[in-house]
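What follows is a single structure, written as structure tokens, with notes after it.
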Amino acid sequence: MNSLNDDIGQQAESRPDDQRAENDVRILRRIAPLDEWPITNAIGGEGPVIAVVDTETEGLDPEADSLIEIAAALVQTDGEGRIVEILGKGYGLQDPGRPLPPKITKLTGLTNEKLEGKVIDADHLTDFLNRADAVLAHGAKFDAGFVRRLLPGIAHLPWICTLGDVDWREHGYDGRALGHLLMQQGLFAPKAHTARDDVAALVNLAATCLPNGRTVLAEALANARTTTVRVDAEGDTYHARADLRRRGYRFDWSRKVWSIEASAFQSDYEESWISRHYPRVRVSKTPITWHERHS
């Protein structure tokens, strides 16, 4: 009996150490390949079809630089914002007509030889994306500029952004890079910075759950659909710029205004605050929907 009690005591004493050891180790699982996505039963009815998109480009300016690679996956969602099926995939390469910058080749693995003579079938890709109700990207403002220029036939589609339409910090995450967020969700992508690999990574991230129990996609979709107000401050803003920056305003060089996106209630407060403290600054307010937010 004493021997049995000793064994139990030794096991009990080891448990705290075992628990501490478990807390010191995090296991990461490889993301699920899209070709092996499990088809699951929908909950809460059928949701929208979402086109998950990623692009690689030769530069940062959609007006001057070319899109060189695009990948997309059509996903069927349910009423709870879960991804229940991969409906199809689209892909294309584009020769920009000039040598790639070496840093782009190093980042993406694309070379002048791989792109030579390649042309994206814009009509086919337009038809493919138009099967969706909305487009999702991680950093939609960047991708939307290039995609809309290449495919003007999808200009009517709204955009969702897992980078900006999810308040990651509010949910306790640090950092917003795609690979970093995957790791915080217990996943890893074996490759990155190719459009196909990043689409697969983004589909996996969108399917994970936040601490509030909602999927990332459900949260991003709900926030994207919410109409906000863009508050622009212009005119004599020189003396106000430090205060505006502290309040979260950013300077829009293209329009030469300080700007912030806020709820309707907060936009009224911003207008009142600026009028009280900087009466020479002009304020204008513009409703923003998910059709305009990432233009």
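Observations on the model:
- Local charge for Glu56 was computed over the other residues whose Cβ lies under 9 Å away, with Lys and Arg +1 and Asp and Glu -1, and equals -4.
- Of all lysines in the structure, those lying under 21 Å Cα to Cα from Lys118, and not within fewer than 8 positions of it along the same chain, are Lys89, Lys103, Lys106.
- Only protein heavy atoms count here; under a 1.4 Å probe, Asp167 has an accessible surface of about 80 Å².
- Calculated accessible area for the stretch 106-157 comes out at 52 Å² per residue, all protein chains present (probe 1.4 Å; ligands, DNA, RNA ignored).
- Computed from the Cβ-Cβ distance with R0 of 30 Å, the FRET efficiency linking Arg250 to Asn41 stands at 0.10.
- Counting only Cα atoms, the chain measures 87, 59, 45 Å along its principal axes, largest extent leading.
- Computed in the context of the full set of protein chains, the accessible area of the stretch 47-187 at 1.4 Å probe radius has 51% of its extent on carbon or sulfur.
- If you take the Cα centroid of the stretch 172-223 and the Cα centroid of the stretch 89-122, the two points sit 26 Å apart.
The values are calculated or read from the model by the stated rules, or taken from the named source; none is laboratory data. In this text, all values refer to a predicted model and were calculated from it rather than measured experimentally. Neighbour counts run over all protein chains shown; Cβ positions are idealised from the backbone, glycine included. Just the protein is used for accessible areas: all its heavy atoms, side chains included, with ligands, DNA and RNA removed. Shrake-Rupley method; radii C 1.70, N 1.55, O 1.52, S 1.80 Å.
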